[in-house]
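The values are calculated or read from the model by the stated rules, or taken from the named source; none is laboratory data. On a predicted model such as this, the values are computed, not experimentally measured, just so you know. Using ideal geometry, Cβ is built from the backbone for each residue, glycine included, and neighbour counts are taken over all protein chains shown.
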């Protein structure tokens, strides 16, 4: 089995640094968040329930955070695309991270799980 770390090691800069910073931000949000690998990408779970993923867009090569329950989140920076349940937040790797937006959305998404809107068991 390939370790979750290998996903990051295999990326070129500036995506590698961007993804590693996002990983740290996500894991630091709550002690109940863990990282695994699903569908070949890093998956972050809250109490073993899928919460968000990190991925790189094949066309733009930009990293993004995919929020599993994105349909329950409302923010102008989120994109729906062709998904019915999930939304993404694109992160331009050559710019400063939009830390306040990222943390706001991570907190909103976590609240869905903590408040029982999304069941964790």
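Summary table below
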item	result
Residue in segment 56-67 that is touching a strand residue (DSSP E or B) at 6+ places or on another chain (Cβ under 6 Å), free of Cβ contacts under 8 Å to residues at least 24 places away in the same chain and surrounded by 14 or more Cβ atoms within 10 Å (Cβ to Cβ) present	yes
Residue in segment 80-101 that is surrounded by the fewest Cβ atoms within 10 Å (Cβ to Cβ), counting only those that are closer than 15 Å to residue 55 by Cβ and within 13 Å of the chain's Cα centre (by Cα)	90
Unique residue being at pLDDT 95 or above and loosely packed, with under 14 Cβ neighbours inside 10 Å when the list is 119, 24	24
Residues within segment 27-45 that are surrounded by 13 or more Cβ atoms within 10 Å (Cβ to Cβ), in contact with a helix residue (DSSP H, G or I) (Cβ under 8 Å, 6 or more places away or on another chain) and within 22 Å of residue 58 (Cα to Cα), tallied	4
Flag for residue 88 being at negative phi, in contact (Cβ under 8 Å) with a residue 12 or more places away in the chain and touching a helix residue (DSSP H, G or I) at 6+ places or on another chain (Cβ under 7 Å)	no
